[in-house]
Amino acid sequence: MTDTALTVHQTARPHGFPTARHFAFVESALPEPPSGGALVENLYWSVDPYHREMMDDVPGGFALDAPLEGRALGRVVASRTPRMAEGEVVFHRRGWRTHAVVTPEEVRRLPHHDGVPLSAYLSVLGGTGLTAYVGLTRIARLQEGEDLFVSAAAGGVGTATARFARLLGAGRLVGSTGSAAKAGHLTRVVGYDAAFDYHDGPAAHLLAEAAPDGIDVFMDNVGGEQLAAAVEALRPHGRIVRIGTVSQYNTPGVTVPRFDHADIVEKSLRMEGFLVRDHTDLQDELYDFAVPHLRSGRLTPDETVVDGFEHIVDAFLDMLHGRTTGKIIVRSR
């Protein structure tokens, strides 16, 4: 173990897409755990779209010139509490740093699932997978044979949504993404029946081509024009699950496309958003659902793994610019 620690700080508020100049790596002496706490050396870090929203001057957003919050997995290397054993691997949210001081209340112990890679606890078994699982089972209340449209389908939540929807017996799966290469990846690898590059034309037209008979559920990670298109394509009693609004994160002041609000009434549609942090009580249920499929090979985590904490900002920026697929995870060397 080294004698120094690195943390990532946000140094300025971005307008539009952030750049590396909005961040700084700060070196400090390795912290000592206080009585009742423990020092964790981080092994894996989660890179998530919600970090972009938190960079703005919003309630609960990131403070400037302070370590950034984030999901991480780490090994306890020094403990001053009997509730955390040295050598134990834990999940916590004090993430964008090489080392973190935590209390037992701030961590979640990882279960021992033989044959499951550690990174899965940040992807299909972590917040990403839990978001997809809650959206499908609790918000959409997906029924066997129902057809889905998923925006930002090549991202972590989008790929997990498709994998889980297949296991839950969904019908036709349609996804949108930002390039033809990604659209091909979605149909060849992830399991979508059809996928389109949203740059290729009006979203309503592209969705109508991919789902000519309509859809029952829209898992919305984007908002904007694709949300308007989905309202038009939804069948009676369709559901819209609002997960994120990526289309607005880097384009402040963008005009939000309008849709026919009468459709909500005339087709008896339901739109509901949620925060995954309000559903952590379903974590064990997610394990029960997903782990057997991981072990059997029916479920494959979609991950882009980047080696080296020094690359965490680059990994984040690559994700925002659509240069990656699946869940983005940074791994210590």
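The values are calculated or read from the model by the stated rules, or taken from the named source; none is laboratory data. Just so it is clear, the model here is predicted, and its values are computed rather than measured. Don't worry about glycine lacking a Cβ; one is built from the backbone with ideal geometry, like all the others, and counts go over all protein chains shown.
Assorted remarks:
- Residue in segment 134-146 that is among the acidic types (D, E) and in the same structural domain as A203 (by TED's automatic domain parsing) present: yes
Okay, residues lined up against (1) over 19 Å from V330 (Cα atoms); (2) at pLDDT 95 or above; (3) assigned to a loop (DSSP other than H, G, I, E, B):
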site: L39; (1), (2), (3): yes, yes, no
site: Y44; (1), (2), (3): no, yes, no
site: R52; (1), (2), (3): no, no, no
site: V58; (1), (2), (3): yes, no, yes
site: P82; (1), (2), (3): yes, yes, yes
site: V101; (1), (2), (3): yes, yes, no
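- Unique residue being more than 15 Å from F289 (Cβ to Cβ), in contact with a strand residue (DSSP E or B) (Cβ under 9 Å, 6 or more places away or on another chain) and of a type in the set (S, T, N, Q) when the list is T103, T128: T103
- Restricting attention to segment 162-210, the residues that are within 21 Å of G135 (Cα to Cα) and free of Cβ contacts under 8 Å to residues at least 24 places away in the same chain add up to 2.
- Condition met for A230 (assigned to a loop (DSSP other than H, G, I, E, B) and either in contact with a strand residue (DSSP E or B) (Cβ under 6 Å, 6 or more places away or on another chain) or acidic (D, E) (or both)): no
- Of all the listed residues (A152, A194), the sole one being out of contact with any Pro (no Cβ under 9 Å at 6 or more places or on another chain) and of a type in the set (A, V, I, L, M, F, W, C) is A194.
- Residues in segment 5-34 that are among the polar types (S, T, N, Q) and either at pLDDT below 95 or buried (at least 16 other Cβ atoms within 10 Å of the Cβ) (or both): 2 in all.
- Matching entry among H321, H279, H237 (being out of contact with any helix residue (DSSP H, G or I) (no Cβ under 9 Å at 6 or more places or on another chain) and closer than 25 Å to E69 by Cα): H321
- Among the candidates S119, S123, residue that is under 26 Å from Q10 (Cα atoms) and assigned to a helix (DSSP H, G or I): S119
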